[in-house]
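Step one of this worksheet: look at the structure below.
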Amino acid sequence: MRAPVIWFICSLFLAGVASAAPESAPVMERNAPIYIKSDQLLTDTAHGTATFSGKVTARQGDLALYADRMVVHYDSTGGSVERVVCTGTVRIVQKSRTGTAGAALYDNKQGKIVLTVNPKVFQGEDMVSGSEITYYLADQKSVVTGTATTRVEAVIHPKGKQDASTGH
């Protein structure tokens with residue numbers, strides 16, 4: 001479970017780049033231990049799941065994930081993670097980046113993370129929201145989609161005036 005959880009948590013913060021705020025990409029602390037706390041852990045070998053529920057907190061380095069429930073789904077051999085589903089009040093925090101949603105899905109095979117149920121990504125004062133925010137790990141790109149009732153919204157604060165001739 002170690003590497004996929006790291007990618008899940010770290011990659012969600014890369015979606016903050018979609019808000020166009022120029023901050024350096026997060027440093028992944030792959031060797032740092034992962035600490036997960038919850039009110040309950042239920043493992044189900046027959047169904048290949050591990051369910052953390054009740055005030056779930058997962059931390060690695062300066063990354064933190066909070067959710068009401070986190071279900072880790074393993075492949076049929078139990079060796080690798082197929083997907084991780086977080087539900088309830090989902091919040092992911094790293095430095096000035098915060099992602100919030102009612103649900104988050106990490107799909108290991110498709111290499112993507114999907115935030116749904118009122119998803120928003122904040123970086124400092126900047127924000128992007130829509131009905132769904134999808135981040136593609138391999139391509140390092142994100143897609144924010146809207147619906148007829150929930151349009152894509154972005155709030156971007158200029159970081160200062162640049163001189164066109166010098167770029168400064």
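Laboratory data are not the source of any read-out in this text; all were calculated from the coordinates shown. These figures come from a predicted structure and were not determined experimentally. Quick reminder, even Gly has a Cβ in these numbers, built from the backbone with ideal geometry, and neighbours come from all protein chains shown.
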Fewest to most Cβ atoms within 10 Å: 52, 122 sort as 122, 52
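If you keep only loop residues by DSSP, which trypsin sites (Lys or Arg not before Pro) in segment 45-109 have at most 11 other Cβ atoms within 10 Å of their Cβ? Working shown, then result.
Details: sites: 55, 59, 69, 83, 91, 95, 97, 109; in loops: 95, 109.
Passing sites in segment 45-109 are 109.
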Taking the Cβ of residue 153 as the centre, find all other residues whose Cβ is under 12 Å away and add up their charges (Lys, Arg: +1; Asp, Glu: -1).
+1
When the Karplus curve 6.51 cos²θ - 1.76 cosθ + 1.60 is applied with θ = phi - 60°, which whole-Hz ³J(HN,Hα) does each residue of segment 138-154 get, with x for Gly and Pro?
5, 8, 6, 9, 10, 10, 10, 10, x, 10, 4, 9, 10, 8, 5, 9, 9
Counting only residues 5 or more apart in sequence or on a different chain, those whose built amide H sits under 5 Å from that of residue 82 are 73, 74, 75
Along segment 32-43, Karplus-curve 3J(HN,Hα) (6.51, -1.76, 1.60; θ = phi - 60°) to the nearest Hz, with x for Gly and Pro, reads 6, x, 9, 10, 10, 10, 7, 6, 8, 10, 10, 9
Cβ-based net charge around residue 93, under 10 Å, with every Lys or Arg adding one and every Asp or Glu removing one:
+3
